[in-house]
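Notes for the one structure printed next.
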């Protein structure tokens, strides 16, 4: 039990860390997958969360209008944590590929990544980016994906 406590504390800490990069309007129920790797100064991470029912309902009823003001990370201010206006998918042509356009996508489970990439190639999902981060919402999968490098 003593060994599990630091691990649980670490997992709780990174959950709140990555959640702090989501705008206030985007609420989540729980993490699906959070992975990161880093070096001395730079690192990358990807966090996949289950959308809360209220956020999912808002997106399904209002579309991109629901996300109009969701452009600032809830736990961070400044330029690096300010997102561009949201757009509906498909993602830009230069993003299309095997999913490696999602920063640090190699850290995500392959089967889930393929579902996210597939949904991102057609209408019905939403995306935005910041200088060192990307956010993708896939309502059909009930997911929000945050990925970053920096």
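We did not get these values from a lab; they are worked out from the coordinates using the rules stated. Not measured: the values here are computed from a predicted model. Virtual Cβ from ideal backbone geometry, glycine too; neighbours counted across all protein chains shown.
Taking other C-beta atoms within 10 Å as the exposure proxy, 49, 149 rank 149, 49 from fewest upward.
If you run the Gaussian network model on the chain, springs between alpha carbon atoms under 10 Å, then out of 19, 122, 93 the most flexible one is 93. For the chain, adding -39500 (n - 2.57) for each run of n ≥ 4 DSSP H residues and dividing by the number of residues yields -7500 deg cm²/dmol at 222 nm.
For segment 4-149, just say rounded, prolate or oblate: build the C-alpha gyration tensor, square-root its eigenvalues into a ≥ b ≥ c, call rounded for a/c under 1.5, and beyond that prolate if a/b exceeds b/c, oblate if not. Taking the square roots of the gyration eigenvalues as a ≥ b ≥ c, segment 4-149 is rounded.
Place a point 7 Å from Cα of residue 33 in the direction of its Cβ. Which residues in segment 107-130 have their backbone N less than 15 Å from it? Only 107-120 pass the distance filter.
Taking Cα atoms, how many degrees apart are the long axis of helix 4-19 and the longest axis of the chain, rounded to 10 and kept between 0 and 90? Taking Cα atoms only, the helix is inclined about 30 degrees. Note on residue 80 and residue 110: with the Förster distance fixed at 30 Å, the Cβ-Cβ geometry gives a FRET efficiency of about 0.55.
Mean-square fluctuations from a GNM of the chain, with a 10 angstrom spring cutoff on Cα atoms, peak among 111, 60, 88 at 111. Shown for 53, 94: other C-beta atoms within 10 Å of each C-beta, ranked fewest to most, produce the order 94, 53. Please compute the Kirkwood hydrodynamic radius over segment 47-86, one decimal place, Å, based on all pairs of different Cα atoms. Hydrodynamic radius (Kirkwood, Cα only) of segment 47-86 equals 11.4 Å. The long axis of helix 110-120 is offset from the longest Cα principal axis of the chain by roughly 30 degrees.
When each of 15, 10, 79, 21 is scored by the number of other beta-carbon atoms lying within 10 Å, the sequence from fewest to most is 79, 10, 15, 21.
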